[in-house]
Amino acid sequence: MTDRIRVLIVDDIPETRDHLVKLLGFEPDIEVIATAASGAEAIELATKLLPDVILMDINMPDMDGITATERLSSHVPTASVVMMSVQGEADYLRRSMLAGAREFLVKPFSSDELTASIRQVNEREREKVGRAVVVAARAQEQAEEGQVVAVFSPKGGVGRTTIAVNLAVAAASELGKKVTLVDASFQFGDVAVLLNLNPKDKSMAELVPQLEDGGDPDSVEAYTQTHSSGIRVLLAPPSPEMAELITPAGVKHVIEILRQRNELVVVDCAAWFNDTTLGILDLADIVLTVLTLEITSIKNTRLFLEVAEQLGYAHKVRLVLNRADTTLGIRVADVEHSIGRKVDHTIVSDGRAVVYALNRGVPFVLSNRESQVSQDVFRLAASIVGSPEPIEEEARKAPQKGKSLFAWR
Ligand SMILES: Nc1ncnc2c1ncn2[C@@H]1O[C@H](COP(=O)(O)OP(=O)(O)OP(=O)(O)O)[C@@H](O)[C@H]1O
Ligand SMILES: [Mg+2]
């Protein structure tokens, strides 16, 4: 029988050991696997045999039971010690428990008391192990959850959609990640245009009510589309009025489901604060906040950072300065001084590559991967999902169009 409780008996008096072996011999669920005459022998045997329960005499000549228990709790932590003593004083009990004993029996004890103690400590240990397994499984689940990156800006037209789309595609095509891109600009979402996809019958406006009616989480698959780059895309509705069908709670639910099924979820947010945006920012692991070298964008970013601080998001905000090389009289250092923190990432301006890609419905990281703007997005993707080395390598190989951002900063 494999589920018998395996017991090691430790007592310096041979008669006591024999007596205990006999007592436990009648119990079908308990097996005495060995006996030891000293603390040192107990440690040696327990390390080798890994008993479930150790019956330990407190008074032994060479090493007392308390010292042996202390050592056992670090050597064989899975074994539960039941301390046996002729004295029942509080001090003995306290010292035994501090040493790691789980039960304390005062001699003479009855056979029932003995077996009840053994069963009890064994049961407790099993429950503890069971709990540890559940906790470990939960930690594993959480470690397997994907990252949610919200691409946000407190001002429109700064490049959120451009960055969200190219970031998602770069993470999939260059870094091999499983990615879903969500267009959360529900009224005037542009993701479909940049990827040349059609939102008819397959958008957030159909998915959210479906889930709210008790639909299966698997239905997210039915309402997302696969782009040729390999990413999955959940589009905004085809017409603005359909945005009303989308509730903030529904959006959160969708993103939670997607987080379980992807390594990266990129959300292209609307440029204003409402319950939906706040819900997304709440869930996000990273809030990529896009700004440009314009005074209005900088002012709004400063205001947003203050709000982010109050809402407890500040630690997850990463600032992306888009079109960072445009010479409009404001330098990166001026921006950083004005908003009181460093810019984390910069992306060059490249009207030709970006607008050409937009008009063709093919992301520039696919059609023009050598360009500086693509390299900047690759670097951003690598810093978010890891493994920056290959990207650095690519960046070195790529022809340097225009001046390097970091050279003039
Ligand atoms: N790095 C860049 N270089 C050149 N042009 C860019 C760059 N990034 C964005 N653009 C252009 O800026 C315009 C706005 O970009 P985009 O639509 O991505 O911004 P947005 O913040 O999503 O805007 P909206 O508030 O309308 O959703 C587009 O015409 C886009 O092509
Ligand atoms: Mg947009």
ask   = In the chain, with Lys and Arg counted as +1 and Asp and Glu as -1 at Cβ, which of these residues, 312, 56, 267, has the Cα nearest the positive end of the dipole, that is, farthest along it?
value = 267
message = Is there a quick way to get the dipole size of the range 145-408? I mean about its Cα centre, with the Cβ of Lys and Arg at +1 and of Asp and Glu at -1; what is the value in debye to the nearest 20?
response = 1020
request  = Putting +1 on Lys and Arg Cβ atoms and -1 on Asp and Glu Cβ atoms, find which of 205, 37, 250 reaches farthest to the positive end of the dipole of the chain.
outcome  = 205
ask   = Once amide H atoms are built 1.01 Å from N in the peptide plane, which residues 5 or more positions from residue 190, or in another chain, come under 5 Å H to H?
value = none
ask   = Karplus couplings for the range 190-202 from phi (6.51 cos²θ - 1.76 cosθ + 1.60, θ = phi - 60°), rounded to Hz, Gly and Pro as x?
value = 10, 4, 4, 5, 5, 10, 6, 10, 10, x, 4, 6, 9
remark   = One finds, for residue 116 and residue 139 with R0 = 41 angstrom and r their Cβ-Cβ distance, a FRET efficiency to the nearest 0.05 of 0.75
remark   = If amide H atoms are modeled at 1.01 Å from N in the peptide plane, then the residues at a separation of 5 or more from residue 262, or on another chain, having amide H under 5 Å from its own are 146
key: Net length gained if the chain between residue 44 and residue 89 were fully extended (0.36 nm per residue, minus Cα distance)   = 13.3 nm
request  = Please give every one of the aspartates and glutamates within straight-line cross-link reach of residue 342, meaning a C-alpha to C-alpha distance under 12 Å, and leave out same-chain neighbours fewer than 8 residues apart.
outcome  = 334
Amide H contacts of residue 290 (H built 1.01 Å from N, under 5 Å, at least 5 apart or other chain) = 152, 153, 320
Charge dipole (debye, nearest 20) of the range 5-141; +1 at Cβ of Lys and Arg, -1 at Cβ of Asp and Glu = 520
request  = Express the relative contact order of the range 145-408 as a whole percentage, based on alpha carbon pairs under 8 Å and six or more residues apart in sequence.
outcome  = 26
message = How far apart, in nanometres, would the label points at residue 239 and residue 219 be if each is projected 7 angstrom from Cα along the Cα-to-Cβ direction?
response = 2.2
ask   = Which of the pairs 178/316; 22/48; 128/316; 177/200; 200/316; 202/252 have their Cα atoms more than 29 Å apart in this structure?
value = 128/316; 200/316
request  = Report relative contact order for the range 309-379 in percent, whole number only (criteria: Cα-Cα under 8 Å, sequence separation at least 6).
outcome  = 29
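Since every read-out is calculated from the coordinates, none of them should be taken as a lab result. Computed from a predicted structure; not experimentally measured. Note that each Cβ is placed from the backbone with ideal geometry, even for glycine, and that neighbours are counted across all protein chains shown.
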